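Student: Structure incoming, see below.
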Amino acid sequence: MEGAFVGHADSGGGGAAGGRMAAGEGAGKGGGADAAAGPIPISVEESLFKDMRLNLGDQIVWNVQGVSLKTRVASVRAVEWRRLDPNFFVVFPAGVLEDAPKTHVVAVRAASAAESARVQRAIVSAFPNATAIDLALVVETLDGIFAKVPL
C-alpha cells in the first residue's frame, strides 16, 4: 500500500498516537523492524479499517521508499479528527519507520497576527524547507464560509 498517512507510536497526541483504542492489542510497543519476528503489528484508524473491509489479524504489505514491510492489523483506533492533535490513519510501533523520510508537524499559538507573522518568518528563515500555515487564518476563512451556509 502506498500513500496513506502513517506515524509511529511516539508521534504524540496521547494514547495510541492520537486515538482511543477501539479494538485489538495495540501497536505502540515492540514489533520493531525484525522480519524474523513476523509481521509488524499496526494500528488502523476505524473509518479506514471499515472502508478497506479489514479484520483484526489481516496482513498488509507496505512499500516504504522501495522497502516492503509486512504488517498485521493488531488494533483499531477511534480518532477525533476535529481536534488539532496529530493523528494518523495507520500507526507503526517504534523502531520501524525511524530511518524512513518523514515530515514533522508543530503547532504554535501566537498572541496576535503580528506575532504569528514574526514566528513564521523566523521558522522559515531558520528552516528553508519548512512550510508555515496560519491556522487562525484558515479557521477564520472556514468560519466565513460556514456563516454563509444555511443550516
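Student: Compare the peptides 40-50, 55-65, 141-151 by average per-residue count of other Cβ atoms within 10 angstrom and give them in order, highest first.
Tutor: Ranking, from highest mean packing down: 40-50, 55-65, 141-151.
Student: Using 0.36 nm times the number of residues separating A111 and L135, minus their current alpha carbon distance, what extension gain do you get?
Tutor: Using 0.36 nm per residue and subtracting the Cα-Cα distance, I get 7.3 nm.
Where a number appears in this text, it was derived from the coordinates with a stated rule and is not lab data. Quick caveat, the model's predicted, so the values are computed rather than measured. Neighbour counts run over all protein chains shown; Cβ positions are idealised from the backbone, glycine included.
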